[in-house]
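Everything below concerns the one structure shown next.
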Amino acid sequence: MLTPKKTYSKYKNSSDSEYTQVGDNPTLEDLGFMGATYEVILPSDYYHILNCICIYDVRKTFKCYNAGDTWRRPATRLTADLYSQILDNWYLRPTYRRPYFYIHNVN
């Protein structure tokens, strides 16, 4: 089980793989895709990911979810060709019911 952290950084330029901080009050453009980008450091001995499950802790009662419950949802693997399709498609956009995961290798 891996714990994600919210990403508030972006690349300095395309030839440099180091991150630069954007500050305490990031704009929507600084946050990445749809403003909700999280990052996980994968173990060095992984070969491929079989699946990804997002586990949510419900903070307040919403529709049929009670406060304090835990809710699970499988994430869909986001590939480079699918990324361009969901950018402007309202029906395929990422939501809490339809999370995506994307593997981006930064050495």
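Readers should treat all values here as calculations from the given coordinates under stated rules, not as data from a laboratory. Model, not experiment: these values are computed from the prediction. We place every Cβ from the backbone using ideal geometry, glycine too, and count neighbours over all the protein chains shown.
Listing for the model above:
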read-out	value
Evaluated over the range 42-107, the Cα radius of gyration and Dmax, each in Å	14.9, 43
Normalised contact order of the range 40-107, rounded percent, pairs of Cα under 8 Å and 6 or more residues apart	27 percent
Dipole of the range 42-107, positive end: most advanced residue of 70, 47, 86 [Cβ charges, Cα centre]	70
Charge sum, other residues only, whose C-beta stays under 14 Å from residue 72's C-beta, Lys/Arg counted +1 and Asp/Glu -1	+1
